[in-house]
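Notes follow once the structure below has been shown.
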Amino acid sequence: MASDHGDSVFANVVRAPEDPILGVTVAYNKDPSPKKLNLGVGAYRTEEGKPLVLNVVRRAEQMLVNDTSRVKEYLPIVGLAEFNKLSAKLIFGVDSPAIQENRVTTVQCLSGTGSLRVGAEFLARHYHEHTIYIPQPTWGNHPKVFTIAGLSVKTYRYYSPETRGLDFQGLLDDLNAAPSGAIVLLHACAHNPTGVDPTPEQWEQIRQLMRSKGLLPFFDSAYQGFASGSLDEDAQSVRMFVSDGGECLVAQSYAKNMGMYGERVGALSIVCKSADVAVRVESQLKLVIRSMYSNPPIHGASIVAAILKDSHMYHEWTVELKAMADRIISMRQKLFDALQARGTPGDWSHIIKQIGMFTFTGLNAQQVAFMTKEYHIYMTSDGRISMAGLSSQTVSLLADAIHAAVSAVV
Amino acid sequence: MASGMLSLTCPSSSSLSLPHQFKGGAAGKPKLLNQASFFGKRFVNAKSFTRTTMAVALNVSRFESITMAPPDPILGVSEAFRADTNEMKLNLGVGAYRTEDLQPYVLNVVKKAEKLMLERGENKEYLPIEGLASFNKVTAELLLGADNPLILQQRVATVQGLSGTGSLRLAAALIERYFPGAKVLISSPSWGNHKNIFNDARVPWSEYRYYDPSTVGLDFDGMIADIKAAPEGSFVLLHGCAHNPTGIDPTPEQWEIIADVIQEKNHIPFFDVAYQGFASGSLDVDASSVRLFAARGLELLVAQSYSKNLGLYAERIGAINIVCSSADAATRVKSQIKRLARPMYSNPPVHGARIVANVVGDPELFNEWKEEMEVMAGRIKSVRQKLYDSLRAKDKSGKDWSFILRQIGMFSFTGLNKAQSDNMTNKWHVYMTKDGRISLAGLSSAKCEYLADAIFDSYHNVS
């Protein structure tokens with residue numbers, strides 16, 4: 001029985017370790033060293049190392065807050081209707097036949113994580129196959145989301161450490177061996193953590209294989225616009241699958257490409273064979289959401305909707321997005337050049353070949369630990385660094401640290 | 001359509017054979033979960049379904065067998081209301097506060113806070129998994145009292161959650177993981193979504209008697225008996241104040257007895273606090289049930305929502321608080337709640353949390369809030385009175401409508417049955433939930449007369 005000094009009913013609850021990704025920031029914040037670098041979580045930083053709120057986001061937010069006619073009434077369970085329509089157009093294309101044929105249901109969710117979780121819960125309840133194949137490696141939170149939703153997680157080969165590129169044959173072999181109907185998680189672009197993406201030709205082969213085996217695609221699109229700088233280009237993998245008329249799920253996040261991180265803005269779309277199925281699927285998605293948080297938060301979604309629907313703001317957004325993507329690409333080049341200049345042993349060309357926010361350095365856990373201890377550089381232990389956290393000022397610190405780690409620690 | 005892309009290479013037969021469970025579609029749960037039959041009709045035992053061969057079917061959706069889910073019994077009411085074109089229509093469904101002009105209301109303090117936030121030009125970085133620290137601090141203080149020794153002793157684990165629902169769901173997930181088999185006792189009746197939350201979190205529940213239709217009051221003996229009869233170590237879900245849907249709250253003396261029984265049986269009190277400030281108009285008075293239990297040294301769970309009292313409905317801001325017997329336990333429990341939040345949504349939304357932190361954390365804004373709260377609660381008390389007066393004037397049958405005045409908070413449990421509630425909607429265009437609950441927050445003075453007519457007609461002329 002619980003009392004001031006008695007036993008706790010929580011006596012058997014052990015202390016959980018910090019989340020491996022978000023915990024990096026926790027550790028970084030604790031570090032008193034004046035010269036430290038946080039390359040952990042994928043949050044964009046300016047050249048000055050500051051978080052960024054896009055100008056167009058500030059403007060949209062100002063408009064909304066100053067609009068005295070706006071209220072804070074509950075959104076529908078599926079979220080802001082306008083936001084949902086615009087999100088679907090963004091990922092599937094404005095002229096998407098699937099949208100025109102009403103075969104797509106889109107529900108507002110809490111960023112990428114929330115969209116993945118709602119989709120996974122839905123599949124666990126309503127889909128006959130409960131195994132999901134995820135690439136090896138993948139974002140650390142993926143297996144947790146799917147497992148807790150009730151799916152069984154298996155992996156398919158993806159990254160080849162030897163080539164620091166895609167193990168394409170391994171991928172094909174593993175998907176080919178998957179049971180018919182199994183769910184397959186695909187990173188739409190800018191694979192996290194490796195930055196290694198299939199080419200369009202490889203995507204086409206993946207699509208053919210998956211359709212022939214009836215494998216169900218579940219796309220995670222967290223970096224649309226961030227990979228190449230072009231929103232349409234970064235959506236090609238998804239659109240390829242949709243245009244063959246087949247079904248798929250897509251989780252979208254606006255955390256990075258609109259800088260909406262803490263506002264938790266995202267959407268889950270399910271592309272179905274028919275409008276009738278889409279309506280029924282949506283009704284079941286509502287049951288998943290209602291018992292989890294009833295309805296989604298309005299603030300971030302209204303900002304995103306305001307930007308997407310206004311052609312000037314949309315254009316402004318694409319310009320700011322490209323600037324972010326370009327800065328990251330230039331950081332890649334700077335880091336590569338810095339390592340070349342130092343004569344750091346090894347082939348570092350993967351830094352400029354990889355796509356998106358992250359570089360999978362190839363550093364091992366010991367080398368990472370060394371860099372944290374000696375140089376106060378924080379990253380996840382798999383050697384993933386967020387290029388978004390680098391600046392021209394800090395590149396040399398990082399290059400020094402990598403050079404030292406590779407030379408001193410094997 | 002590119003159905004021709006599919007080739008029939010699968011070794012199983014090419015004919016479509018859907019297992020019978022999918023026809024008319026009750027969905028199966030995956031085999032690896034150990035679901036028990038108390039979940040009822042929504043799930044079938046996963047072991048009895050087989051894999052289909054439908055993967056190679058042409059042009060058939062994998063989701064073909066999914067049935068249309070019914071509209072939510074509470075949120076669905078607003079949908080139906082919106083579709084109604086009749087000019088006399090009245091929405092007394094969902095508990096969202098309306099002004100006398102029946103307009104939604106954004107509190108002045110909220111507008112001020114948002115302007116401040118804009119001026120400061122704050123960033124939108126990820127919050128920690130447990131949410132905004134300044135919010136967590138003020139929310140625990142608001143609930144327990146800023147000088148509560150429990151807070152000073154760091155025995156309260158507070159995690160920002162997605163309003164009341166999200167906070168309840170985190171607690172449910174904690175119960176499922178760390179108290180396997182433990183039951184949650186839910187009042188009969190309770191908020192409709194409670195059962196959904198525990199079902200989907202796979203936490204078993206049972207009901208304790210609460211509402212007595214014959215007295216339109218609390219079945220206190222039944223409540224005590226059922227709590228006593230439950231297996232030791234059950235979680236007892238209690239409404240901190242302004243019980244939803246009945247509006248019937250235990251008296252302070254009754255709360256003491258409830259606490260005695262809970263202590264005796266080593267049950268764990270689990271409060272749902274969605275109306276702090278709305279019941280009596282006083283934030284402190286409305287928290288007294290929670291504080292009573294906490295003062296006894298009991299470990300307890302408390303879900304909070306700022307949807308109603310700060311009008312932040314759509315911002316989804318609330319918290320789950322776990323009062324533990326030691327700071328060490330609080331640390332451990334908080335770390336495990338984080339582990340449950342991470343695969344649900346990673347970290348919570350920042351906007352609503354900042355608004356609350358700004359309002360509650362600033363003495364001037366806080367006082368202003370208290371005044372606005374009193375106005376809102378006051379308006380509801382006055383429409384209660386007016387509705388009662390209208391019914392008394394109309395109804396000479398001897399039927400006692402005084403329960404309307406005794407009930408507390410946003411809702412009134414009218415005692416109307418489903419047929420009578422349907423009559424309210426179909427004949428009078430008054431939208432309410434089928435359990436007979438009306439939201440007085442959606443009632444204006446001007447409409448009291450009309451509502452009284454509708455209730456009088458439904459009660460006396462429909463059975």
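The values are calculated or read from the model by the stated rules, or taken from the named source; none is laboratory data. Here the structure is a predicted model, which means the values were calculated and not measured. Please note: Cβ atoms are built from the backbone with ideal geometry, for glycine as well, and neighbour counts cover all protein chains shown. Heads up: the accessible areas ignore ligands, DNA and RNA and are worked out on the full protein's heavy atoms, side chains in. Shrake-Rupley method; radii C 1.70, N 1.55, O 1.52, S 1.80 Å.
Sort through B:ALA157, B:ALA146, B:ALA96 and tell me the only one that's assigned to a loop (DSSP other than H, G, I, E, B) and within 20 Å of B:GLU299 (Cα to Cα).
B:ALA146
Only helices (runs of 4 or more DSSP H) wholly contained in region A:286-386 count here; list those with 3 or more residues that are closer than 25 Å to A:SER33 by Cβ, more than 22 Å from the chain's Cα centre (by Cα) and at pLDDT 95 or above.
The qualifying helices (runs of 4 or more DSSP H) are A:311-342, A:365-375.
A:ASP276 is checked against (1) more than 8 Å from chain B (Cβ to nearest Cβ); (2) assigned to a loop (DSSP other than H, G, I, E, B); (3) open to solvent by 10 Å² or more (accessible area, probe 1.4 Å) and fails just one. What number does that condition carry?
Here A:ASP276 clears every test but (2).
Determine the pairs where a residue that is more than 7 Å from chain B (Cβ to nearest Cβ), located within region A:2-23, has a partner that is modelled with pLDDT of 90 or more and buried (at least 17 other Cβ atoms within 10 Å of the Cβ) with Cβ atoms under 6 Å apart, the partner being 6 or more residues away or on another chain.
Short answer, once both residue conditions are applied: A:PRO20/A:GLY140; A:ILE21/A:GLY140; A:ILE21/A:THR380.
Evaluate the following for B:LYS228: is it surrounded by fewer than 17 Cβ atoms within 10 Å (Cβ to Cβ), closer than 30 Å to A:LEU287 by Cβ and either out of contact with any Phe, Trp or Tyr (no Cβ under 7 Å at 6 or more places or on another chain) or not aliphatic (A, V, I, L, M) (or both)? Full working, then the answer.
Numbers: surrounded by fewer than 17 Cβ atoms within 10 Å (Cβ to Cβ): yes; closer than 30 Å to A:LEU287 by Cβ: no; either out of contact with any Phe, Trp or Tyr (no Cβ under 7 Å at 6 or more places or on another chain) or not aliphatic (A, V, I, L, M) (or both): yes.
So B:LYS228 fails the test.
Sort out which residues of region A:351-366 are in contact with a Lys or Arg (Cβ under 6 Å, 6 or more places away or on another chain) and either under 13 Å from A:ASP197 (Cβ atoms) or among the aromatic types (Phe, Trp, Tyr) (or both), and write them in order of number.
Hits for region A:351-366 are A:PHE358, A:PHE360.
Could we say that A:ASN192 is under 19 Å from the mean Cα position of the chain (by Cα) and surrounded by fewer than 21 Cβ atoms within 10 Å (Cβ to Cβ) here?
Here the answer is no, as A:ASN192 does not meet what is asked.
Determine if region B:355-368 includes at least one residue that is over 19 Å from B:HIS239 (Cβ atoms), buried (at least 24 other Cβ atoms within 10 Å of the Cβ) and within 13 Å of chain A (Cβ to nearest Cβ).
Within region B:355-368, one or more residues are over 19 Å from B:HIS239 (Cβ atoms), buried (at least 24 other Cβ atoms within 10 Å of the Cβ) and within 13 Å of chain A (Cβ to nearest Cβ).
What are the pairs with Cβ atoms under 8 angstrom where one residue, in region A:270-282, is more than 10 Å from A:GLU247 (Cβ to Cβ) and the other, located anywhere, is open to solvent by 40 Å² or more (accessible area, probe 1.4 Å) and aliphatic (A, V, I, L, M)? Sequence gap at least six, or different chains.
That search, which allows pairs on different chains as well, returns A:VAL279/B:MET68; A:ARG280/B:MET68.
Which of the residues that make up region A:176-214 are among the hydrophobic types (A, V, I, L, M, F, W, C), touching a residue at least 60 places away in the same chain (Cβ under 8 Å) and over 18 Å from A:GLU233 (Cα atoms)?
A:ILE183 - this is the single residue of region A:176-214 that is among the hydrophobic types (A, V, I, L, M, F, W, C), touching a residue at least 60 places away in the same chain (Cβ under 8 Å) and over 18 Å from A:GLU233 (Cα atoms).
Suppose we keep only residues that are surrounded by fewer than 16 Cβ atoms within 10 Å (Cβ to Cβ) and among the hydroxyl-bearing types (Ser, Thr, Tyr) within region B:374-419. Which one would you say is nearest to B:ASN309 (Cα to Cα)?
B:SER382
Give just the number: which of (1) farther than 27 Å from B:PRO71 by Cβ; (2) surrounded by fewer than 16 Cβ atoms within 10 Å (Cβ to Cβ) does B:ASN426 not satisfy?
All conditions pass for B:ASN426, except number (1).
How many residues are open to solvent by 60 Å² or more (accessible area, probe 1.4 Å) and of a type in the set (Gly, Ala, Ser) when one looks only at region B:95-133?
So the answer is 1.
Restricting the search to region B:120-136, which residues are free of Cβ contacts under 8 Å to residues at least 60 places away in the same chain and either more than 8 Å from every other protein chain (Cβ to nearest Cβ) or part of a helix (DSSP H, G or I) (or both)?
Passing the criteria: B:ARG120, B:ALA133.
Only one residue in A:GLU101, A:GLU129, A:GLU73 is farther than 23 Å from A:TYR261 by Cβ, of a type in the set (D, E, K, R) and in contact with a strand residue (DSSP E or B) (Cβ under 6 Å, 6 or more places away or on another chain), so which one is that? First the steps, then the outcome.
Details: A:GLU101 fails: in contact with a strand residue (DSSP E or B) (Cβ under 6 Å, 6 or more places away or on another chain); A:GLU129 fails: in contact with a strand residue (DSSP E or B) (Cβ under 6 Å, 6 or more places away or on another chain).
From the options A:GLU101, A:GLU129, A:GLU73, the qualifying one is A:GLU73.
Give me the residue from region A:85-96 that is open to solvent by 30 Å² or more (accessible area, probe 1.4 Å) and part of a loop (DSSP other than H, G, I, E, B) and, out of that set, nearest to the other protein chains (Cβ to nearest Cβ).
A:ASP95
Only one of these is away from every other protein chain (no Cβ under 14 Å) and out of contact with any Cys (no Cβ under 8 Å at 6 or more places or on another chain): A:MET331, A:MET260. Name it.
Testing whether each residue is away from every other protein chain (no Cβ under 14 Å) and out of contact with any Cys (no Cβ under 8 Å at 6 or more places or on another chain) leaves just A:MET331.
Just checking, how many residues over region B:148-198 are among the charged types (D, E, K, R) and either in contact with a Gly (Cβ under 6 Å, 6 or more places away or on another chain) or open to solvent by 20 Å² or more (accessible area, probe 1.4 Å) (or both)?
4
Rundown of residues vs (1) more than 9 Å from chain A (Cβ to nearest Cβ); (2) out of contact with any Cys (no Cβ under 9 Å at 6 or more places or on another chain), yes/no style:
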position	(1), (2)
B:ASN266	no, yes
B:PHE278	yes, no
B:SER282	yes, yes
B:ASP286	yes, no
B:ARG291	yes, yes
B:ALA319	yes, yes
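Which one is nearest to the other protein chains (Cβ to nearest Cβ) among residues in region A:237-253 that are farther than 28 Å from B:TYR345 by Cβ and of a type outside the set (Asp, Glu)?
Applying the filter and picking the extreme gives A:GLY245.
A:GLN62 versus (1) more than 28 Å from the chain's Cα centre (by Cα); (2) open to solvent by 40 Å² or more (accessible area, probe 1.4 Å); (3) at pLDDT 95 or above; (4) within 11 Å of chain B (Cβ to nearest Cβ): which is the lone unmet condition?
The failed condition is (1).
Filtering region A:279-295 down to residues that are among the hydrophobic types (A, V, I, L, M, F, W, C) and open to solvent by 10 Å² or more (accessible area, probe 1.4 Å), which residue is nearest to the other protein chains (Cβ to nearest Cβ)?
Here the residue is A:LEU287.
Would you check if B:LYS434 is part of a helix (DSSP H, G or I), under 25 Å from B:ASP249 (Cα atoms) and open to solvent by 10 Å² or more (accessible area, probe 1.4 Å)?
Taking the combined requirement at face value, the residue does not satisfy it.
Is it true that some residue in region B:51-62 is in contact with a strand residue (DSSP E or B) (Cβ under 8 Å, 6 or more places away or on another chain) and without any contact (Cβ under 8 Å) to a residue 12 or more places away in the chain?
Here is the first cut: in region B:51-62, the residues in contact with a strand residue (DSSP E or B) (Cβ under 8 Å, 6 or more places away or on another chain) are B:62.
Now drop any that are not without any contact (Cβ under 8 Å) to a residue 12 or more places away in the chain, which leaves B:62.
Checked against the condition, which is being in contact with a strand residue (DSSP E or B) (Cβ under 8 Å, 6 or more places away or on another chain) and without any contact (Cβ under 8 Å) to a residue 12 or more places away in the chain, region B:51-62 yields at least one hit.
Run down A:GLU48, A:GLU73, A:GLU18, A:GLU82 and say which single residue is acidic (Asp, Glu) and outside any loop (DSSP other than H, G, I, E, B). Quick ask: steps written out before the conclusion?
Numbers: A:GLU48 fails: outside any loop (DSSP other than H, G, I, E, B); A:GLU73 fails: outside any loop (DSSP other than H, G, I, E, B); A:GLU18 fails: outside any loop (DSSP other than H, G, I, E, B).
Within the list A:GLU48, A:GLU73, A:GLU18, A:GLU82, the selection yields A:GLU82.
Out of (1) assigned to a helix (DSSP H, G or I); (2) within 11 Å of chain A (Cβ to nearest Cβ); (3) of a type in the set (Val, Ile, Thr), what's the single condition that is false for B:ILE151?
Evaluating B:ILE151 over (1) assigned to a helix (DSSP H, G or I); (2) within 11 Å of chain A (Cβ to nearest Cβ); (3) of a type in the set (Val, Ile, Thr) leaves (2) as the failure.
Could you check how many residues of region B:209-233 are of a type in the set (Val, Ile, Thr) and in a helix (DSSP H, G or I)?
Residues in region B:209-233 being of a type in the set (Val, Ile, Thr) and in a helix (DSSP H, G or I): 2 in total.
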